[in-house]
Amino acid sequence: MAKENDKKHKGMVLVISAPSGTGKDATIEKVLKKSDNIVMSISATTRSPRALEKNGKSYYFLSVFEFKERIKNKEMLEYTKYCGDYYGTLYEPLIENINKGLDVILKIEVDGARQIRNIFKDSVHIFVLPPSLKELSKRLADRGTETQEAINERLGTAIKEMKFAKNYDYAVINKNLDACADEIYKIIQVERLRISRLNYKEEIVREVF
Ligand code: 5GP
């Protein structure tokens, strides 16, 4: 699909949540390639970097002290503790991007999503679901990075997280990466057409008449 760059709308806050193993990272990579107007929010976390993860690209890797300082200084828009580590969205880069008219994807878990909904009433929340729990279990096992015990724990967390899908605006089932990315991109395109998001409303109407 061709890239496009439509600046006739305000920047959108897009929240994407999905249980571990659903393939959200790969899906989001594909969505980002579809438009120059969509960027990722880079979160801060206290967890250690994994292989190939770079500071300032995958996450801002902070110490617990640094993270708590940012909370104290009100630099965090939302934050939560997940599996023993802090994760949070920094206020300034997000606001800067929205003000530039860019749509920003926040790849965050359900508690952060709830906080974002309270701050940005017009944010768009998408929950990515696996085709089935059986398939999710298979995908986690195929990664080969976790013990059976860890897989079972992730499955338990996935079931708990999926119960929050009802609070989202859209549910997309990830049967196939390309199809899932296409569906998410369609949602973004439709949401961009909401009258409440369009800048220069009068100019657009004038063009039509
Ligand atoms: P991981 O350690 O696998 O990168 O992320 C663990 C979980 O934390 C994922 O569900 C991810 O979406 C979530 N997460 C990442 N960044 C943030 C953030 O800034 N805020 C919140 N609330 N969750 C986040």
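For the criterion of being more than 16 Å from the chain's Cα centre (by Cα) and of a type in the set (Ser, Thr, Tyr), Thr46 passes. The single condition among (1) within 15 Å of the ligand (Cβ to nearest atom); (2) within 23 Å of Arg192 (Cα to Cα); (3) in contact (Cβ under 8 Å) with a residue 60 or more places away in the chain; (4) acidic (Asp, Glu) that Glu92 does not satisfy is (3). When residues in the range 44-81 are screened for being over 27 Å from Arg117 (Cβ atoms) and among the hydroxyl-bearing types (Ser, Thr, Tyr), 2 of them pass. Here Phe164 does not fit the description of being farther than 21 Å from Tyr59 by Cβ, in contact with a strand residue (DSSP E or B) (Cβ under 6 Å, 6 or more places away or on another chain) and either of a type in the set (Phe, Trp, Tyr) or part of a strand (DSSP E or B) (or both). Just wondering, is there one or more residues in the range 62-81 that are over 23 Å from Glu29 (Cα atoms), within 12 Å of the ligand (Cβ to nearest atom), within 16 Å of the chain's Cα centre (by Cα) and surrounded by fewer than 19 Cβ atoms within 10 Å (Cβ to Cβ)? Yes, the range 62-81 contains at least one residue that is over 23 Å from Glu29 (Cα atoms), within 12 Å of the ligand (Cβ to nearest atom), within 16 Å of the chain's Cα centre (by Cα) and surrounded by fewer than 19 Cβ atoms within 10 Å (Cβ to Cβ). Look at Ile204 and say whether it is modelled with pLDDT under 85 and either out of contact with any helix residue (DSSP H, G or I) (no Cβ under 9 Å at 6 or more places or on another chain) or acidic (Asp, Glu) (or both). Yes.
Scanning the range 52-61 for residues that are modelled with pLDDT under 95 and surrounded by 10 or more Cβ atoms within 10 Å (Cβ to Cβ) returns Glu53, Lys57, Ser58.
The values are calculated or read from the model by the stated rules, or taken from the named source; none is laboratory data. In this text the structure is predicted, and so the values were computed from the model without any measurement. So basically every Cβ, Gly included, is an ideal-geometry build from the backbone, and we count neighbours across all protein chains shown.
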